[in-house]
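The values are calculated or read from the model by the stated rules, or taken from the named source; none is laboratory data. All values derive from a computational prediction rather than experimental measurement. So basically every Cβ, Gly included, is an ideal-geometry build from the backbone, and we count neighbours across all protein chains shown. The protein model used for the area step is the full one, side chains on, heavy atoms only, and it has no ligands, DNA or RNA in it. Shrake-Rupley method; radii C 1.70, N 1.55, O 1.52, S 1.80 Å.
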Amino acid sequence: MGDSSLFATEQARGRAVYRVYACTILAGICLILYYRATHLPATWQEGRGAWIGLSLAEFWYAFYWIMTQSACWNLVYRRTFKDKLSQRYEERLPNVDIFVCTADPYAEPPNLVVSTVLSLMAYNYPPEKLSVYLSDDGGSILTFYAMWEASQFAKHWIPFCKKYRLEPRAPAVYFSSSHSSSEMSHHEEWLSMKILYEEMTNRVDAIVMSGKVPEELKANHKGFSQWKSEMTSKKHPSIVQILIDGKDPNALDNVGNALPTLVYMAREKDPEYHHNYKAGAMNSLLRVSSVISNSTIILNVDCDMYSNNSDLIRDALCFFLDEEKGCDTAFVQNPQNYNNMTKNDTYGNTLSVMNEVDLCGYDSWGGPPYIGTGCFHRRESLCGMKYTKDYKEDWNKGSGRNPQDDIRKLEERAESQATCTYELNTLWGHELNTLVCATSHAVMRGWANVLEMYFLQILLCGLVVAINVAIYEGLLLRKDKGSILGQLQ
Ligand SMILES: O=c1ccn([C@@H]2O[C@H](COP(=O)(O)OP(=O)(O)O[C@H]3O[C@H](CO)[C@@H](O)[C@H](O)[C@H]3O)[C@@H](O)[C@H]2O)c(=O)[nH]1
Ligand SMILES: [Mn+2]
């Protein structure tokens, strides 16, 4: 990689040691399979079925093991050069849209969503180039209220984060892990920020508990009037509300800096039309954002994930904007980490193998798989654009809208993109944004759907049982009580 590159690829150390180790396992597997093949009991001998069963199981393991070696053979790590990015592109950094999805104000409490959204709004990135969209599949006025609170608190939180270079910038996580002492230079400021944050979360919690936004609060934003009494989470029209318009010269934080755009969206729901879970929400977000900001880069974050690195966008841009390799990059996937795990992680829930081995291993074969949350995409790659070697992205493309445009008209135009019939008889979900097929996800699904979604798993489980029948026979129907090998020989 030449000096001009915005990122470097480094191969993991200790590869030779791993390969020697893998070869010893391969030799072991070959010997076992050889032994199985050459010692097969004759047709009249007892235990032939069990022998074949065990051989099949071992063969299956060997196949699985060999396939998984592709992920371990050559791990690569990527290092980005953000200083070079700044030197070359600081003045013409591309616009970035961030999509956050939430589905249910009780399963995913609005305060959690607020903290996630604030961690994204506080990215170390020019605010006028950043737009955060929240998709609320619950269509809940409680979540909208929480977003309105977030838009107010952001005016204090963002400058505070930037001034003291806080990490992480999700207030819930920051305040639960950071403790101030009176020796701290900004102790007073820290304390008043904490109080401001706690007051907000208490208000949000109280209103979520009561299930109703008081009338006097509704006067704070025109958006509250969108909710009518007959609306439910499963049946309501589309709602798009721009809570902060980054193009508005008066949308400033409390030290006078611009704020990122913040948009609330609840796509139309009707039980007659399938909503396709998160994938459906992402498709609507793609269209709604194209009317409002139309940024070239899109980051998707689930509402229960916060960002722990305020430079993340710059890291991702080092891949997209790289002069030599940038045009080959359609998406940049970040790993996911989890809090609150059990001490010994008995069930492997931290996904450390996936994060530390698999993703880096697949990367050496041309790129990691798309795993959902924490992924940056080029908008073009989701909109059906076909890859060509000499494609040049227009990084400064935007929605082309005017700051003077009537906001309500703009919102209405965006709402028309989020109807539940929009995708019928179109290429959405096929040529456009194949996410619909790939990541349909379930939160509130009926039993019929469960069967439909798990059909493949059920089929595979059935096959595994069928393959293992010989083993069960060997184990359960043996006439003696000795060890299985003793009997077979
Ligand atoms: O009808 C729905 C259902 C879900 N969601 C949202 O989709 C996201 C993911 O749903 P969740 O149930 O939290 O999925 P997880 O199993 O926690 O996450 C896995 O599945 C996600 C969806 O494929 C990926 O983004 C993640 O990376 C992966 O860890 C959440 O933000 C939900 O709010 C919607 O917006 N609408
Ligand atoms: Mn989740």
Would you confirm whether any residue within segment 203-212 is free of Cβ contacts under 8 Å to residues at least 12 places away in the same chain, open to solvent by 70 Å² or more (accessible area, probe 1.4 Å) and assigned to a helix (DSSP H, G or I)?
yes
Would you confirm whether any residue within segment 78-85 is of a type in the set (S, T, N, Q) and either without any contact (Cβ under 8 Å) to a residue 12 or more places away in the chain or within 26 Å of Glu380 (Cβ to Cβ) (or both)?
yes
Those residues of segment 392-413 which are under 30 Å from Glu324 (Cα atoms) and surrounded by 12 or more Cβ atoms within 10 Å (Cβ to Cβ) amount to Glu393, Trp395, Lys397, Gly398, Ser399
Here are some conditions: (1) in contact (Cβ under 8 Å) with a residue 24 or more places away in the chain; (2) within 16 Å of ligand 2 (Cβ to nearest atom); (3) surrounded by fewer than 16 Cβ atoms within 10 Å (Cβ to Cβ). Gly372 meets all but one. Which one does it not meet?
(3)
Inside segment 213-241, can you point out the residues that are open to solvent by less than 60 Å² (accessible area, probe 1.4 Å) and of a type in the set (Ser, Thr, Tyr)?
Ser233, Ser238
Using the structure shown, decide if Arg92 is open to solvent by 10 Å² or more (accessible area, probe 1.4 Å), at pLDDT below 95 and in the same structural domain as Cys375 (by TED's automatic domain parsing).
yes
For Glu108, are the conditions met, namely being within 14 Å of Ile207 (Cβ to Cβ), modelled with pLDDT of 95 or more and acidic (Asp, Glu)?
no
Being in the same structural domain as Asn124 (by TED's automatic domain parsing), within 23 Å of Asn124 (Cα to Cα) and more than 16 Å from ligand 1 (Cβ to nearest atom) narrows it down to one of Cys327, Cys375, Cys303, Cys318, so name that one.
Cys318
Residue check, Val173 crowded, with 17+ Cβ neighbours inside 10 Å and at pLDDT 95 or above:
no
Scan segment 32-55 and give yes if some residue there is open to solvent by 70 Å² or more (accessible area, probe 1.4 Å), closer than 30 Å to Leu317 by Cα and touching a residue at least 40 places away in the same chain (Cβ under 8 Å), otherwise no.
no
Looking across segment 188-202 at residues that are open to solvent by less than 40 Å² (accessible area, probe 1.4 Å) and free of Cβ contacts under 8 Å to residues at least 40 places away in the same chain, the single one that is farthest from the chain's Cα centre (by Cα) is Trp190
Residues that are within 16 Å of ligand 2 (Cβ to nearest atom) and crowded, with 18+ Cβ neighbours inside 10 Å, at least 2 per element: which strands (runs of 3 or more DSSP E) completely within segment 242-351 meet that?
297-302
